[in-house]
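Peer 1: I'd like to ask some things about the structure below.
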Amino acid sequence: MRKVKSEVAGSVWKVEVAAGQAVNEGDTLVIVESMKMEIPITAPAAGVVREILVAEGEPVADDQLVATLE
């Protein structure tokens, strides 16, 4: 299992994937808005999204776990 963390503090602007969805390395999982910039959080490797741990509009902290991949 791989843990995917936010690289910045901000708020979740958009969740691009759902649990059970197959993704490739580099695919965008979540987009975080921080200081009026959109920062994509991408898959570190190919796999299947096990869980999305954030929701759109929710605040997210730097280094916060946002998803897990299998």
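Rule-based calculations on the coordinates, nothing more; no lab input. Everything numeric in this text was worked out from a predicted model, so none of it was measured. Backbone-built Cβ (ideal geometry, glycine too); neighbour counts: all protein chains shown.
Peer 1: Hey, among the residues in region 8-34 that are surrounded by 13 or more Cβ atoms within 10 Å (Cβ to Cβ) and of a type in the set (D, E, K, R), which one's nearest to D63 (Cα to Cα)?
Peer 2: In this case the residue turns out to be E33.
Peer 1: Could I ask something else about it? Just to verify a result, which residue in region 40-70, among those that are β-branched (V, I, T) and within 17 Å of E25 (Cα to Cα), is surrounded by the fewest Cβ atoms within 10 Å (Cβ to Cβ)?
Peer 2: V48
Peer 1: Another question, if that's okay. Would you tally the residues in region 11-22 being assigned to a strand (DSSP E or B) and closer than 24 Å to M37 by Cα?
Peer 2: Matching residues across region 11-22 total 5.
Peer 1: Given the conditions (1) more than 17 Å from E70 (Cα to Cα); (2) surrounded by 12 or more Cβ atoms within 10 Å (Cβ to Cβ), report the number of the one that M37 does not fulfil.
Peer 2: Every listed condition holds for M37 apart from (2).
Peer 1: Can you tell me how many residues within region 15-39 are without any contact (Cβ under 8 Å) to a residue 12 or more places away in the chain and either closer than 17 Å to K3 by Cα or charged (D, E, K, R) (or both)?
Peer 2: Here is the first cut: in region 15-39, the residues without any contact (Cβ under 8 Å) to a residue 12 or more places away in the chain are 36-37.
Restricting the remaining residues to those that are either closer than 17 Å to K3 by Cα or charged (D, E, K, R) (or both) gives 36.
Count: 1.
Peer 1: Taking the conditions exactly as written (on the phi < 0 side of the Ramachandran plot, assigned to a strand (DSSP E or B) and of a type in the set (A, V, I, L, M, F, W, C)), does V32 satisfy them or not?
Peer 2: Yes.
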